[in-house]
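One structure is given below, encoded as structure tokens.
The values are calculated or read from the model by the stated rules, or taken from the named source; none is laboratory data. Quantities reported herein were computed from a predicted structural model and do not represent experimental measurements. For neighbour counting, all protein chains shown are included, and Cβ atoms are generated from backbone atoms with ideal geometry for every residue, glycine included.
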Amino acid sequence: MEPLPVTPMPQDAAKAVQEKQLLLSRLLARLAHEIRNPLSSLDIHVQLLEEDVAHTPPEVRARSAARFRIIHTEIERLNNLVKQFLSLAGRTAVNRQPVQVAAVTDHVCALLRPEAAAHGIEIALELPEALPPIVADPDQLTQALVNLVLNAVQAVGREGRVLVAARVEVAANQMHIAVTDTGKGIDLENVEALFEPFYTTKEDGSGLGLWIVRQIAVAHGGMIRAENAATRGAVFTLTLPLRVNEENHG
């Protein structure tokens, strides 16, 4: 793989990033408040819809049950995302607990496969048989991986592959979760801007996805790095500690 260089940021550029982050904090706080009310309404109406479906034939109820579970899971995740937006607007709070990475990655891949398949893109998951849990915030980890996989799918565009893989370095107390795509790869000249707020190379991109990933990684005591794959495409690797120091994190 071709590592991407990181050079010190000039003072003017650092000031510009700080100004962007201040503006972003205000936007995230506003966005969180704007989403919260319609999300609550959606949750109530889904519950009412479940009551209506309860009076339908058994085969309809059976088909609907799995779909309702997905809807409730995603509503809960969006509610947690709203809380995360509010915390990102201030200080990122991390609700640390044991997390089964296999379950999280499987959920993320299953969630995004329909959208990817519509563009001829395969999302594959390759994990070791014995993958230990990590101590992390499950909602933030899910959001980070959704952002990375979605970014990879968008980078491929059409007819390609996205691979999600994980490996553990027990001695280093680290887990590496890599998302590899078969897109065009990364422009070395723009690598320093990839994780800045509002930076995007997409016409309809917000420039927030990778920035949020970095915020989550740093809040966990980890890191996110980008590099070009050996053949084609890019690799984004999220590195997180397996365990945290209880004295420092409580």
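For this structure, a couple of remarks:
- Among the conditions (1) farther than 19 Å from Gln100 by Cβ; (2) surrounded by fewer than 22 Cβ atoms within 10 Å (Cβ to Cβ); (3) at pLDDT below 90, the only one that Ala130 does not satisfy is (1).
- Given (1) modelled with pLDDT under 90; (2) within 18 Å of the chain's Cα centre (by Cα); (3) over 19 Å from Asn151 (Cβ atoms), number of the condition Phe85 does not satisfy: (3)
- The requirement of being assigned to a helix (DSSP H, G or I), modelled with pLDDT of 80 or more and touching a Ser or Thr at 6+ places or on another chain (Cβ under 9 Å) is fulfilled somewhere in the range 62-71, by at least one residue.
- Single condition Leu111 does not satisfy, out of (1) more than 16 Å from the chain's Cα centre (by Cα); (2) surrounded by fewer than 21 Cβ atoms within 10 Å (Cβ to Cβ): (1)
- One residue alone among Val156, Val170 is over 16 Å from the mean Cα position of the chain (by Cα), modelled with pLDDT under 95, surrounded by 19 or more Cβ atoms within 10 Å (Cβ to Cβ) and not basic (Lys, Arg), and that residue is Val156.
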